[in-house]
1. Over region 44-145, what number does the Rg to Rh ratio reach, with both radii from the alpha-carbon atoms and Rh per Kirkwood?
2. Multiply the residue separation of S135 and Q54 by 0.36 nm, subtract the distance between their alpha-carbon atoms, and state the gained length in nm to one decimal.
3. Once you have the Cα-Cα distance between Q88 and A127, take 0.36 nm times their residue separation minus that, and quote the gain in nm to one decimal.
4. Fully extended, how many nm does the chain gain between E65 and T81 (0.36 nm per residue separation, minus their Cα-Cα distance)?
5. Going by accessible area, probe 1.4 Å, with all protein chains left in place, what is the ranking of D102, D45, D66, largest first?
6. ³J(HN,Hα) across region 78-87 via Karplus (A = 6.51, B = -1.76, C = 1.60, θ = phi - 60°), whole Hz, x for Gly/Pro?
7. Under a 1.4 angstrom probe, counting protein chains only, how are I84, I64 ranked by accessible area, largest first?
Amino acid sequence: MRRMTLARAVAAALLALLAVACGDGRGGTTVGTVPAVTGIDWTVDSVTVDGTTQRAPAHAHVRIEDDRAAGSFGCNRFSGTAQITGDQFRLSHVRTTRMACDNVRMTFERALSRTLTSGPLTMTGEAGKLTLTASGGDRVQLSKA
C-alpha cells in the first residue's frame with residue numbers, strides 16, 4: 001500500500017512538472033500536436049464509430065483532471081479514472097447514472113461510452129479542439145467549452 005501511495009505521489013509530481021514545463025494546463029500551450037487537456041471543460045461535438053458520425057446532444061461534455069474524468073455522455077453522468085501518458089488517453093473504472101432518455105440520445109451515449117473506454121486513445125488537437133482516436137479509427141471530437 002505504501003509503495004502504491006509513493007508511486008502515485010511521484011507520478012503526480014512528474015505530471016505537475018510536465019504541466020509547468022508545457023504550459024498553463026488550460027490549453028494555452030501544446031507539445032507537438034497534443035494540447036494541454038487537463039483542467040478544461042470539453043464539449044463533446046461528435047463521435048464517429050465504424051465510419052458513421054453522430055452529432056452530440058447539447059449536454060455531452062467531459063472534464064479531465066490529473067487522474068479523474070467526469071461529465072455527461074449526453075443523458076447519463078459519468079466519472080472514472082483518467083490516465084494520460086504522452087499522447088495517449090485512457091478512461092477506465094467508469095461509473096454512470098442509469099437514467100433512460102430518448103432513443104437518439106441513448107444510441108449516441110452507447111457509442112460515446114464504448115469509444116471512450118475502448119483502450120488507449122490517441123490525442124491530437126489545436127486551437128481549442130481535441131480529437132481522441134481509437135486504434136480501430138473510431139474517434140471523439142471535442143471543443144473547449
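The values are calculated or read from the model by the stated rules, or taken from the named source; none is laboratory data. Everything numeric here is computed off the predicted structure, so don't read it as measured data. Side chains are part of the model used for accessible areas, which takes the heavy atoms of the whole protein and leaves out ligands, DNA and RNA. Shrake-Rupley method; radii C 1.70, N 1.55, O 1.52, S 1.80 Å.
1. Numbers: Rg = 12.5 Å, Rh = 13.5 Å.
Checking Rg against Rh, the ratio lands at 0.93.
2. Taking S135 through Q54 to full extension adds about 27.3 nm, to one decimal.
3. Answer, rounded to one decimal: 12.1 nm.
4. Full-extension gain reported as 4.8 nm.
5. On the way: D102 80, D45 40, D66 105 Å².
Result, largest first: D66, D102, D45.
6. 9, 8, x, 7, 10, 9, 10, 9, x, 9
7. Details: I84 50, I64 5 Å².
From most accessible down to least: I84, I64.
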